[in-house]
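Just below is one structure, and these are the notes that go with it.
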Amino acid sequence: MGSPDMENIEIAQTLREVANLLEILDANPFRVRAYRNAIRTVQEHAVPMRKLVEEGADLTELPSVGKGMAENIAELVETGDLSLIDQLIEENPALVDRDVVSSLIEITSIPGIGPKKVRKLWEDLGVESVEDLKEAASEGRVAELEGFAKKTELRILEEIDRLATRTSRFRLGDVDELLPPLLDHMRGVEGVRRVEVAGSYRRRRETVGDIDLLVLADDAMAASEGLTSFDGVDRVIGAGGTKTSVSLRSGLQVDLRVVPDESWGAALVYFTGSKEHNIKLRQRALDRGLRVSEYGVFEIPPEEKDDVVGERGVASSGAIVAGATEEDVYESLDLPWIAPEIREDRGELAAAEEDGLPDLIEVGDLKGDLHMHSTWSDGRNTIEEMLAACAARGYEYFCMSDHSKALAMVEGLDAVRLRQQWAEIDGIASRQPEIRILKSMEVDILKDGSLDLEDELLEELDWVTVSIHSFFGLPAAEQTERVLTGLSHPQVNVFGHPTGRIINRRGPIEIEIDEILQACAEYGVAVEINSHPNRLDLRDTHAWRARELGVPITISTDAHRAEELDLIRYGVEQGRRAWLTPDDVLNTRPLDELLSWAAS
Ligand code: DGT
Ligand code: CA
Ligand code: CA
Ligand code: ZN
C-alpha cells in the first residue's frame with residue numbers, strides 16, 4: 001500500500017484509506033473518529049513522522065495519537081505498509097484480498113459516495129469496484145437501493161466518467177512537501193552544480209501537473225542516473241542523455257533536463273513558461289530578427305529569414321545573443337526581467353515594455369494577519385501562543401478570530417464565551433503591549449443571510465470576518481442572495497474564503513462572483529485571499545477581478561496552529577499572480593490606517 005520513507009501526506013493518505021475501510025466494515029464510530037483525528041495531526045505536523053521515528057520520539061505525545069496509532073505510524077515509516085490491513089482481511093473474509101480492499105477504497109474517491117454508501121452497495125449489490133458500480137448504475141440497480149435516488153444514480157455515472165478523464169494535478173502545498181527530499185538528493189549527485197524547479201511550480205500555480213527540473217551538471221548521464229536512482233522513484237518513464245522522466249511513488253511525474261551553462265537562463269525561461277508567455281516572447285524576438293529557444297537567443301542568419309517559425313530546428317547557425325541568465329534573455333528582447341508568477345500572457349509583456357510592471361506584493365509587506373483561530377474554538381494553540389508566533393514574524397497586529405456559535409462541533413463562541421475571550425485578550429494585551437490583538441471573529445453567514453452574532457457584539461469587535469461553513473449546495477441565485485445579505489451588514493469588514501472550495505476535494509459554492517465583488521466595492525467590504533494551500537480562496541483570477549473593481553483585498557492564513565502562520569506565503573504568491581501591489585492589500589497598512597478604514 002505504501003513504501004518506506006513516506007512523507008506525512010502519504011502516511012495520512014494511507015491512514016485515510018484505513019479509516020474508510022473501517023467505515024465500510026461498519027467499525028465502531030469512535031475507532032473511525034480516532035483515525036480521522038490522527039490523520040489531521042499527521043498531515044498538519046511540521047516535522048516528518050519519519051524523522052520522529054528515527055529519533056525515537058514518543059509519537060503518543062502528538063495530539064490525537066494513541067498507542068495503537070503510534071504503532072501504525074511507526075510501521076508505515078519503517079515498512080511502508082500496514083499489517084492491520086491483512087488482519088482486517090483475515091477477520092472479514094468477504095474482503096478476500098488486497099485488490100478488493102483497494103478497489104473498494106477507490107469507490108470512496110467518487111464525490112458523493114462515502115464509505116457508508118460503499119458498504120450498502122457492496123452488501124446489497126455485490127459492488128466491489130468502480131467498474132461494478134458503473135455497471136450497476138447503468139442497469140438502474142443503484143436507484144432501487146434504499147437511500148439512493150435516481151438523481152444519485154445519474155450523478156454517480158457522471159462522476160465516474162469525470163474520474164476517468166480527470167488529469168490528476170497536485171496541490172502546490174503538497175508538492176512543496178514532496179520535493180525537498182528529491183532536491184536534496186539531486187544536489188548531492190556527483191557533478192551536479194545547480195538545481196532549479198521551473199514550470200507551473202515556479203509560476204506558483206495553485207496546482208501543478210508535473211515537475212520540470214533543470215540542472216547544470218558536469219556529466220549529463222550521471223545526473224540522469226542520479227534521478228533514476230532516487231529512492232522515491234516508482235517508475236522510469238524514459239531516460240536519455242539530456243532528458244529523463246520518472247514517476248514518483250506519490251504519482252508525481254518529474255521531467256529532468258540537463259542544461260549547458262551558456263543556456264541556463266534560456267532554459268529557465270523556456271521551461272518556466274507559460275507556453276503562452278513563451279509564444280509571445282518568441283514573436284517579439286522574431287520582430288527583432290532574433291530566435292528564442294531553450295538554448296538561447298540567436299540572431300537569425302539572412303538565409304533563414306523566411307523560416308519564421310524556426311522549423312529548421314533549434315540549432316540555429318546564427319550568433320548567440322543571450323542565454324546564460326534570465327535577465328540577459330529578457331534584456332536581449334529589450335525587456336526587464338519578469339517575475340515567474342505573472343508569466344501567464346495576461347499583459348505582462350506590454351506592461352514590461354512600458355516600464356509598467358506592477359510592484360508585486362511580498363510577504364515582508366504585511367503588517368499583520370487578520371484571520372486565525374485559537375483553542376477557544378478549533379485552533380490548536382492558545383491566544384498567547386498565537387501572539388508569540390505573530391510577534392516572532394514581526395507583525396504589528398493580528399486578529400483573534402475564532403468561530404461563531406453555529407459551528408457547534410468546533411465549539412464556536414456564543415455571546416458569553418466571546419466576552420470571556422475578550423477579558424482574556426485584555427489581560428494578555430496589558431502584559432504584552434508590543435503587538436495589538438484585534439478582537440475579531442469569523443462569523444458564519446447563516447442560511448438566510450443573517451449573521452451568527454448579535455449586532456451589539458458585532459459593533460464592539462475591532463474587525464469582523466464573515467464566511468460560509470454550511471449549506472454549500474444552495475442553487476446559485478439563492479446562494480448569491482444569501483451572501484449579499486450577509487455582506488450588506490454594516491459591521492462586516494471582510495468576506496473570508498469566499499467560494500469555500502477545497503482544491504481537488506470540494507468545488508466552489510455556486511455564487512455570482514462578479515456580482516458579489518461589485519457589491520463588496522459598494523458596501524466597502526474587503527475580500528480575503530485565504531492562504532491555506534488547500535484553499536487559496538479567492539483564487540488568482542478572482543483576486544485579479546477584485547483588484548480591477550477596486551475591492552480591497554486581505555491576505556491572511558486562517559491558521560489553526562502557530563506554524564500555519566508561515567502559510568502566508570501561499571496567499572502572497574496568489575496575490576502576485578493577480579498582480580497585486582502592497583496598495584491593493586489592506587493588511588500592509590499600519591494599524592491606525594487599517595482601523596480607520598474599518599471605521600469608515
Ligand atoms: P503543468 O505541468 O501542467 O502544471 O504546467 P507547465 O506550465 O509546467 O507545463 P509543462 O510541464 O507541460 O511544460 C513546462 C514548460 O515548458 C511550459 O510552461 C512551457 C514550456 N513548454 C512546454 N511545451 C511547450 C510548447 O509547445 N511551446 C512552448 N513555447 N513552450 C512549451
Ligand atoms: Ca510542469
Ligand atoms: Ca513537464
Ligand atoms: Zn472558515
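Among residues of region 279-295 that are in the same structural domain as ASP328 (by TED's automatic domain parsing) and open to solvent by 30 Å² or more (accessible area, probe 1.4 Å), those with a Cβ under 6 angstrom from a residue that is modelled with pLDDT of 95 or more and within 16 Å of ligand 3 (Cβ to nearest atom), sequence gap 6+ or separate chain, pair up as GLU294/ALA267; GLU294/TYR270.
Scanning region 115-148 for residues that are touching a residue at least 60 places away in the same chain (Cβ under 8 Å) and open to solvent by less than 30 Å² (accessible area, probe 1.4 Å), which turns out farthest from ASP161 (Cα to Cα)? Among them, the one singled out is PRO115.
Would you confirm, using the coordinates I've provided, whether LEU172 is modelled with pLDDT under 95, open to solvent by less than 40 Å² (accessible area, probe 1.4 Å), within 15 Å of ligand 2 (Cβ to nearest atom) and touching a helix residue (DSSP H, G or I) at 6+ places or on another chain (Cβ under 9 Å)? Steps first, please.
On the way: modelled with pLDDT under 95: no; open to solvent by less than 40 Å² (accessible area, probe 1.4 Å): yes; within 15 Å of ligand 2 (Cβ to nearest atom): yes; touching a helix residue (DSSP H, G or I) at 6+ places or on another chain (Cβ under 9 Å): yes.
So LEU172 does not fit the description; no.
Within region 13-22, is even one residue basic (Lys, Arg) and either outside the structural domain of ILE113 (by TED's automatic domain parsing) or open to solvent by 70 Å² or more (accessible area, probe 1.4 Å) (or both)? The answer is no, given that none of the residues of region 13-22 is basic (Lys, Arg) and either outside the structural domain of ILE113 (by TED's automatic domain parsing) or open to solvent by 70 Å² or more (accessible area, probe 1.4 Å) (or both). Of the residues making up region 452-470, not a single one is assigned by TED's automatic domain parsing to the domain that holds VAL410, over 21 Å from SER377 (Cα atoms) and under 25 Å from the mean Cα position of the chain (by Cα).
Kindly indicate the residue of region 458-503 that is among the aromatic types (Phe, Trp, Tyr) and either surrounded by fewer than 21 Cβ atoms within 10 Å (Cβ to Cβ) or in contact with a Pro (Cβ under 9 Å, 6 or more places away or on another chain) (or both) and also nearest to GLU515 (Cα to Cα) among those meeting that condition. It comes out as PHE472.
All told, ILE338 falls short of being open to solvent by less than 60 Å² (accessible area, probe 1.4 Å), assigned to a helix (DSSP H, G or I) and not hydroxyl-bearing (Ser, Thr, Tyr). Checking each residue in region 520-550 for being open to solvent by less than 10 Å² (accessible area, probe 1.4 Å) and out of contact with any Lys or Arg (no Cβ under 7 Å at 6 or more places or on another chain) picks out CYS520, VAL525, ALA526, VAL527, GLU528, ILE529, ASN530, SER531, LEU536, LEU538, ALA543, ALA546.
Within region 89-122, the residues that satisfy the criterion of being small (Gly, Ala, Ser) and either under 14 Å from LEU22 (Cα atoms) or in contact with a Leu (Cβ under 6 Å, 6 or more places away or on another chain) (or both) are ALA94, SER102, GLY114.
Looking across region 208-228, the residues that are in a loop (DSSP other than H, G, I, E, B) and either open to solvent by less than 10 Å² (accessible area, probe 1.4 Å) or under 30 Å from ARG501 (Cβ atoms) (or both) come down to GLY209, ASP210. When ARG205, ARG193 are screened for being open to solvent by 10 Å² or more (accessible area, probe 1.4 Å) and either within 14 Å of ligand 2 (Cβ to nearest atom) or part of a helix (DSSP H, G or I) (or both), only ARG205 passes.
The set of residues in region 250-274 being more than 21 Å from the chain's Cα centre (by Cα), within 11 Å of ligand 1 (Cβ to nearest atom) and among the small types (Gly, Ala, Ser) consists of ALA267 alone. Going by the structure shown, is GLY241 small (Gly, Ala, Ser) and modelled with pLDDT of 95 or more? No. Quick one: which helices (runs of 4 or more DSSP H) sit completely within region 505-586 and have at least 1 residues that are touching a helix residue (DSSP H, G or I) at 6+ places or on another chain (Cβ under 7 Å) and within 23 Å of VAL208 (Cα to Cα)? Result: 540-548, 568-577.
Remark: THR499 falls outside the filter, which requires a residue to be in contact with a strand residue (DSSP E or B) (Cβ under 7 Å, 6 or more places away or on another chain) and assigned to a strand (DSSP E or B).
Quickly run through region 233-249 and pick out the residues that are buried (at least 18 other Cβ atoms within 10 Å of the Cβ) and under 22 Å from the mean Cα position of the chain (by Cα). Hits for region 233-249 are LEU248, ARG249.
Which ones in region 315-334 are of a type in the set (A, V, I, L, M, F, W, C) and surrounded by fewer than 19 Cβ atoms within 10 Å (Cβ to Cβ)? I'd like the intermediate steps shown before the answer.
Of the residues in region 315-334, the ones of a type in the set (A, V, I, L, M, F, W, C) are 315, 319-322, 324, 329, 333.
Within region 315-334, ALA315, ALA319, ILE320, ALA324 meet the criteria.
Kindly establish whether VAL96 is of a type outside the set (Phe, Trp, Tyr) and surrounded by 15 or more Cβ atoms within 10 Å (Cβ to Cβ). So VAL96 fails the test.
In region 255-264, the residue that is farthest from ligand 4 (Cβ to nearest atom) out of those that are open to solvent by less than 30 Å² (accessible area, probe 1.4 Å) and out of contact with any Phe, Trp or Tyr (no Cβ under 9 Å at 6 or more places or on another chain) is VAL258.
The values are calculated or read from the model by the stated rules, or taken from the named source; none is laboratory data. All values reported here derive from a predicted model rather than from experimental measurement. We place every Cβ from the backbone using ideal geometry, glycine too, and count neighbours over all the protein chains shown. Protein only, heavy atoms only, side chains kept; ligands, DNA and RNA dropped before computing areas. Shrake-Rupley method; radii C 1.70, N 1.55, O 1.52, S 1.80 Å.
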